[in-house]
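The values are calculated or read from the model by the stated rules, or taken from the named source; none is laboratory data. What you are looking at is a predicted structure, and each value in this text was computed from that prediction instead of being measured. No Cβ is skipped: glycine too gets one built from the backbone with ideal geometry, and neighbour counts run over all protein chains shown.
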């Protein structure tokens, strides 16, 4: 997971990039293939050593972003990581080297999986999600998806075909303008055909693993709703997309993806539309904003609880109100606030929709 950041001094960056674009003199195809293959093998070996000699890379990461010892965040990260690792181990082999998790000092919302299966989560991510277990589990499971599929370790392999095309073109078009345009094309192809598929794969795995570990199936959509509310969902302008092509799905695309997975998990029974929770196409609740949760974010979390209650369950427990909570069996679906409709009204609609 990485939030898009734009560099200050864009004009300076453009000039520096143009100066840095290499111009390859005419060379035979064999020479280009040989040079690229040699560089690929050397780079792959360096990456492999960093990956398996993990503590050297881990120390580099800690020097770069710092280590935050805040007890609440560290305890929560430990609990979520252990729960997810146990779930992954039940489904597939947990790849070597062993995973390491730590909280860093960065205040923005972000997390990443470095080489060596070293996963770090910004302290700002815990604060951004107000220490919500379900939303944080989706973030951490996403980074584990990168680790399990070794996206970092295998990144150089994905670059080689595009690097070859880039260099062959430069050998035939020996000028700075061609160098710049082909480099930009190379960046585009890498973003769209290498990095972006990896992000989508990690999103898919994060839903599978977090949900299987018992976390809320609506948490992915809820989390990205919160991100979109904070950072927006604007597509980059043409110049920005050329210089720094989008290599992650947009917030809106991620919301749609996780919302679809939640509905599928419920057997097609539960969905959210325009901030309203539906069961079998019957509206049952329009949640109000409460605390740090927006109305839309809360709608996905409530819908996720409903999805868990009806998942593979043709006869779920009826909704009932106990001490202000709406429960189905022993599962809390939601706690209506003063801004919501009465709990009895909402529970009644749920039962009518489910024909209970």
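Listed residues 111, 137, 89; which is within 22 Å of the chain's Cα centre (by Cα), modelled with pLDDT of 85 or more and loosely packed, with under 15 Cβ neighbours inside 10 Å?
None of the others qualify; the one that does is 89.
Is one or more of the residues making up segment 273-285 crowded, with 18+ Cβ neighbours inside 10 Å, within 21 Å of the chain's Cα centre (by Cα), closer than 26 Å to residue 339 by Cα and modelled with pLDDT of 95 or more?
No, that holds for no residue.
Here are some conditions: (1) at pLDDT 95 or above; (2) part of a loop (DSSP other than H, G, I, E, B); (3) closer than 18 Å to residue 196 by Cβ. Residue 145 meets all but one. Which one does it not meet?
(2)
Regarding segment 302-315, can at least one residue be identified that is within 29 Å of residue 227 (Cβ to Cβ), in a strand (DSSP E or B), in contact (Cβ under 8 Å) with a residue 24 or more places away in the chain and touching a helix residue (DSSP H, G or I) at 6+ places or on another chain (Cβ under 6 Å)?
No, that holds for no residue.
Answer yes or no as to whether residue 70 is modelled with pLDDT of 95 or more and surrounded by 15 or more Cβ atoms within 10 Å (Cβ to Cβ).
For residue 70, the condition - modelled with pLDDT of 95 or more and surrounded by 15 or more Cβ atoms within 10 Å (Cβ to Cβ) - is not met.
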